[in-house]
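Beneath this line is the structure, given in structure tokens, with notes to follow.
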Amino acid sequence: MQTANDIRTTFLDFFARNGHAVVASSPLVPRNDPTLMFTNAGMVQFKNVFTGVEKRDYVRATTSQKCVRAGGKHNDLDNVGYTARHHTFFEMLGNFSFGDYFKDLAIELAWNLITKDFGIDKNRLLVTVYHDDDQAADAWKKIAGLPESRIIRIPTSDNFWAMGDTGPCGPCSEIFYDHGDKIPGGPPGSPDQDGDRFIEIWNLVFMQFEQVDKDTRVPLPKPSIDTGMGLERLAALLQGKHDNYDVDLLRALIEASADASNTDPDGPHKVSHRVVADHLRSASFLIADGVLPSNEGRGYVLRRIMRRAMRHAHLMGCTDPMLYKLFPALVRQMGEAYPELVRANALITETLKLEETRFKATLDKGLKLLEEETAKMGSGAKLAGEVAFKLYDTYGFPLDLTQDALKAKGLGVDTDGFASAMERQRAEARKAWSGSGDAATETLWFELRDKLGASEFLGYDAEQAEGKI
Ligand code: ATP
Ligand code: MG
Ligand code: MG
Ligand code: MG
């Protein structure tokens with residue numbers, strides 16, 4: 001069997017052989033990029049190279065990039081435990097051309113790697129192209145020999161990539177693997193494309209235009225290539241599995257979770273094991289890259305991830321902190337490829353343990369309250385905003401943790417009610433403030449309070465809920 005570690009190496013070696021510089025993954029906290037919460041794709045560290053602002057001594061590069069998609073534009077937090085293909089932390093394998101090769105060679109390299117080096121069955125592969133991208137469609141016919149029926153033209157923004165409102169952009173072409181008709185889901189472009197039968201493995205982006213302003217798009221003098229393939233999705237199919245969580249790397253973490261909780265990895269706690277395995281990875285890698293749990297910004301996303309995992313540990317019957325006990329299993333799997341995990345061992349272990357110890361103190365009580373409330377609710381009902389707010393304010397339950405708990409029971413939360421409860425509490429705090437009579441100081445105090453939170457669990461706002469911070 002090719003392990004996930006072998007597959008990563010095969011990928012990087014292939015592109016190194018084809019003239020690409022092997023570049024290390026950049027940290028999860030993007031450097032000099034306040035617009036982005038976490039690195040969420042391989043191209044992030046090369047943004048300025050694509051725009052020409054920065055020059056490197058190579059024109060072709062390949063990476064295995066650590067990515068977190070748990071906030072901002074790409075947020076897969078709610079998919080974890082529910083789809084076979086999403087993680088909050090994953091590795092994106094990529095190859096990049098900075099004004100060097102373009103479409104034809106990008107398609108040829110991708111096709112050769114997956115069908116020859118990795119030996120994937122051609123008959124299970126299909127691709128999408130942007131609807132007017134005849135050049136790409138022709139290349140897939142000519143180079144890969146794909147029939148028209150396996151080249152799906154997509155007219156939506158799914159197949160048109162843009163760096164932002166302005167800047168480089170262009171059509172993309174995605175490669176899908178058909179896991180067979182036993183799994184529900186339709187091909188890309190069909191109404192049930194979000195099922196897990198046809199799984200997108202690789203996205204090839206053809207940067208060929210520059211969006212100058214809202215109405216003007218000009219061709220780039222030197223078009224570029226940016227690709228991204230999920231290591232875990234590739235590993236799943238190469239290991240004869242459908243589900244990312246059955247890949248050796250994740251399976252080892254699921255088994256560690258099962259051992260630590262003394263439960264069956266495939267029994268009734270299956271979903272919880274998946275969430276724990278996934279969140280252990282994102283939390284550990286975020287801490288290794290300098291993020292610590294806090295009440296705002298990146299730190300609050302980390303805290304939300306950790307607390308979600310902790311609720312699942314609780315569901316498995318763990319009364320003592322357990323996440324930190326799984327960390328050695330993660331180091332065994334990924335410590336060689338990512339030595340920062342080994343370097344930050346003590347910090348990660350202590351942070352996981354401390355956060356879980358602190359949250360335990362209110363988690364049990366909060367869950368009891370939640371149980372009492374849900375017992376009264378009919379199916380499809382929404383939890384009162386006041387209750388969700390109490391869980392947040394008194395028991396430290398991030399709103400999305402409550403939503404995650406309720407989703408499993410087919411229930412929701414009245415988020416408007418939650419927002420007004422929050423607003424009311426803020427207004428009351430203002431009223432109760434006797435103050436010094438110094439208007440300027442008071443304003444400052446309230447600004448600080450709103451920014452930092454009055455108690456440990458404040459500092460939440462609707463934008464954070466949506467991960468827009
Ligand atoms: P999907 O449509 O399945 O959510 P995507 O189109 O959002 O994927 P891209 O932004 O194109 O994904 O990222 C490039 C590749 O990274 C994808 O083809 C996939 O293999 C992988 N990938 C994306 N998101 C995730 C995730 N949350 N977990 C694991 N792999 C992912
Ligand atoms: Mg996605
Ligand atoms: Mg997609
Ligand atoms: Mg995609």
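Count the net charge of all other residues whose Cβ sits under 12 Å from the Cβ of PHE96, scoring Lys and Arg as +1 and Asp and Glu as -1.
That works out to +1.
Would you grab the residues whose amide H sits under 5 Å from the one on ILE152? Only those 5+ places off in sequence or on another chain, please, with H modelled 1.01 Å from N.
The list, which skips near neighbours in sequence, is VAL127, THR128, VAL129.
Ignoring solvent entirely, what values of log10 I(q)/I(0) come out of the Debye formula for segment 19-157 at 0.11, 0.21 Å⁻¹ when each Cα is a single scatterer?
Once normalised to I(0) and log-transformed, intensities are -0.53, -1.34.
From the phi angles alone, apply the Karplus equation (6.51, -1.76, 1.60; θ = phi - 60°) to segment 348-358 and give each ³J(HN,Hα) in whole Hz, x where the residue is Gly or Pro.
Coupling constants for segment 348-358: 5, 4, 5, 5, 4, 5, 5, 5, 6, 4, 5 Hz.
Considering the Cα positions of segment 39-113, please state its Rg to one decimal place and its Dmax as a whole number of Å.
So, for segment 39-113, Rg and Dmax equal 14.8, 43 Å respectively.
Would you calculate the separation in nanometres between label points at THR357 and THR374, each defined as 7 Å from the Cα along the Cα-to-beta-carbon direction?
2.9 nm
If neighbour count is taken as other Cβ atoms inside 10 Å, put LEU105, LEU125, LEU204, LEU399 in order from fewest to most.
On the way: LEU105 16, LEU125 19, LEU204 25, LEU399 22.
Placing the least packed residue first, the sequence is LEU105, LEU125, LEU399, LEU204.
Work out the charge dipole of the chain with +1 on the Cβ of Lys and Arg and -1 on the Cβ of Asp and Glu about the Cα centre, then indicate which of THR394, ASN112, PHE96 is farthest towards its positive end.
THR394
What is the distance, in nm, between label points placed 7 Å from the Cα along the Cα-to-Cβ direction at ASN345 and at GLN2?
3.1 nm
Give me the net charge of TRP161's neighbourhood, meaning all other residues with Cβ under 14 Å from the Cβ of TRP161; Lys, Arg count +1, Asp, Glu -1. If you can, show how the numbers build up before the last one.
Values: positive: LYS47, LYS73, LYS103, ARG217; negative: ASP133, ASP158, ASP165, GLU174, GLU200, GLU210, ASP226.
Charge balance in the 14 Å sphere: -3.
Dipole of segment 170-239, Cα-centred, from +1 at each Lys and Arg C-beta and -1 at each Asp and Glu C-beta, to the nearest 20 debye?
Details: 6 positive and 12 negative charges, 39 e Å.
Once rounded to the nearest 20, the dipole reads 180 debye.
Enumerate the calculated ³J(HN,Hα) couplings along segment 411-426 in order (Karplus 6.51 cos²θ - 1.76 cosθ + 1.60, θ = phi - 60°), each rounded to whole Hz, writing x wherever the residue is Gly or Pro.
10, x, 10, 6, 6, 5, x, 4, 5, 6, 4, 5, 4, 4, 5, 5
Going by how many other beta carbons lie within 10 Å of each one, how would you line up TYR101, TYR245, TYR300, fewest first?
Details: TYR101 19, TYR245 26, TYR300 22.
Ranked by crowding around the Cβ, least crowded first: TYR101, TYR300, TYR245.
Calculate how steeply helix 385-395 sits against the longest principal axis of the alpha-carbon atoms of the chain, using the helix alpha-carbon long axis, and give the answer as 0 to 90 degrees to the nearest 10.
Helix 385-395 and the main axis of the chain meet at about 80 degrees.
Nearest 20 debye, what's the magnitude of the dipole of segment 261-300 about its Cα centre given +1 on Lys and Arg Cβ and -1 on Asp and Glu Cβ? Mind showing how you got there, number by number?
Values: 4 positive and 5 negative charges, 7 e Å.
Once rounded to the nearest 20, the dipole reads 40 debye.
Classify the chain as rounded, prolate or oblate, taking a ≥ b ≥ c as the square roots of the eigenvalues of its Cα gyration tensor: rounded when a/c is under 1.5, otherwise prolate if a/b is larger than b/c and oblate if not. Don't skip to the end; give the middle numbers.
On the way: a/c = 1.82, a/b = 1.50, b/c = 1.22.
Since a/c reaches 1.5 and a/b is larger than b/c, the shape of the chain is classed as prolate.
Which far-off residues, 5 or more places away or on another chain, put their amide H under 5 Å from the one on LEU220, with H placed in the peptide plane?
When sequence neighbours closer than 5 places are left aside, the close amide H contacts are PHE209, GLU210.
So between HIS131 and ASP78, what do we pick up on full extension, going 0.36 nm a residue minus the alpha carbon distance? Before the final figure, lay out the partial values.
Values: separation 53, 0.36 × 53 = 19.08 nm, distance 3.01 nm.
Taking 0.36 nm per residue and subtracting the Cα distance, the gain is 16.1 nm.
Assign unit charges at the C-beta atoms only (+1 for Lys and Arg, -1 for Asp and Glu), then state the dipole size of the chain relative to its Cα centre in Debye, rounded to the nearest 20.
Numbers: 56 positive and 68 negative charges, 113 e Å.
In debye, rounded to 20, the chain gives about 540.
Relative to the first principal axis of the alpha-carbon coordinates of the chain, what is the inclination of helix 270-288, with its axis defined by its Cα atoms, in degrees from 0 to 90 and to the nearest 10?
The angle comes out at about 90 degrees.
Report ³J(HN,Hα) in whole Hz for each residue of segment 187-203, in order, from the Karplus equation J = 6.51 cos²θ - 1.76 cosθ + 1.60 where θ = phi - 60°; Gly and Pro get x.
x, x, x, 8, x, 9, 5, 7, x, 10, 6, 9, 9, 5, 9, 9, 10
Subtracting the Cα-Cα distance from 0.36 nm times the residue separation, let me have the gained length for LYS365 to ARG426 in nm, one decimal.
Details: separation 61, 0.36 × 61 = 21.96 nm, distance 2.40 nm.
Extending this stretch completely gives an extra 19.6 nm.
Amide H neighbours of THR227 under 5 Å, counting only residues 5+ apart in sequence or on other chains, H built in-plane at 1.01 Å?
HN-HN under 5 Å from THR227: ASN95, VAL205.
Of VAL29, GLY42, HIS314, which is farthest along the charge dipole of the chain in the positive direction, counting Lys and Arg as +1 and Asp and Glu as -1 at C-beta?
HIS314
Run the numbers for LEU292 and ASN262: contour at 0.36 nm per residue of separation, minus the present Cα-Cα distance, in nm. Don't jump to the answer; show the numbers that get you there.
Details: separation 30, 0.36 × 30 = 10.80 nm, distance 2.92 nm.
Difference between extended and current length: 7.9 nm.
How big is the antiparallel share of DSSP beta bridges in the chain, given as a percent to the nearest 5?
85 percent
In segment 5-101, what % of DSSP beta bridges are antiparallel (nearest 5)?
Counting DSSP beta bridges with both partners in segment 5-101, the antiparallel share is about 85 percent.
Angle between the Cα long axis of helix 248-261 and the longest principal axis of the chain, 0 to 90 degrees, nearest 10?
It works out to around 20 degrees.
Could you list, bin by bin from short to long, the percent of Cα-Cα pairs of segment 177-286 in 5 Å steps?
That works out to 2, 10, 13, 14, 15, 13, 11, 8, 6, 3, 2, 1, 0, in percent per bin.
Give the peptides 286-299, 143-156, 66-79 in descending order of average Cβ contacts within 10 Å, highest first.
Numbers: 286-299: 19.1, 143-156: 14.9, 66-79: 21.3.
Most protected by this proxy first, the peptides run 66-79, 286-299, 143-156.
Values quoted throughout were computed directly from the atomic coordinates according to the rules given, and no laboratory measurement underlies them. In this text the structure is predicted, and so the values were computed from the model without any measurement. Don't worry about glycine lacking a Cβ; one is built from the backbone with ideal geometry, like all the others, and counts go over all protein chains shown.
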